[in-house]
Amino acid sequence: MYPYEILLIFDPRPTEEEVTALLTKLQETLRSLGGEVTKAESWGKRRLAYEIRKQREGTYAVIECKAVPAVVKEYERQLTLNEQVLRHFTTRVPVRKRIRSAPKPQTPAVEEVV
């Protein structure tokens, strides 16, 4: 399973309670597909750079999850079909690996000559 971050832009007309309910529903959909939601957060309404479906504003939300690529692809398909989601953007978060450093070469002890 790989970590993903999914940015969602919802239609701005629903209230905050309806957006929270929609976000909860989308999380459960992801879980039912086999993904694991680690964090979900609503960012509130923001002005869009350009109109999307005749809307100048959108309600932003982010879902952080772990899933396999096939699950993410199916989830994106379902997001496309949802009319309340204006846009979605999925990013695979790189896993930071610790790089094992090579052992330091030991310098021989230098003896002082008197």
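Structural remarks
- For the stretch 1-53, alpha-carbon Rg over 2.2 N^0.38 Å: 1.28
- In percent, rounded to a whole number, the relative contact order of the stretch 1-91 is 46, using alpha-carbon pairs under 8 Å and six or more apart.
- Kirkwood-type hydrodynamic radius, the stretch 32-95: 13.3 Å, calculated from all non-identical alpha-carbon pairs.
- Cross-link partners of residue 45 among aspartates and glutamates, defined as those whose alpha carbon lies under 12 angstrom from its own and excluding same-chain residues fewer than eight positions apart: 11, 16, 57.
- Averaged per residue, the stretch 1-74 has 60 square angstrom of accessible surface, using a 1.4 angstrom probe with ligands and nucleic acids left out.
The values are calculated or read from the model by the stated rules, or taken from the named source; none is laboratory data. Quantities reported herein were computed from a predicted structural model and do not represent experimental measurements. In case anyone asks, the SASA skips ligands and DNA or RNA and just uses the protein heavy atoms, side chains included. Shrake-Rupley method; radii C 1.70, N 1.55, O 1.52, S 1.80 Å.
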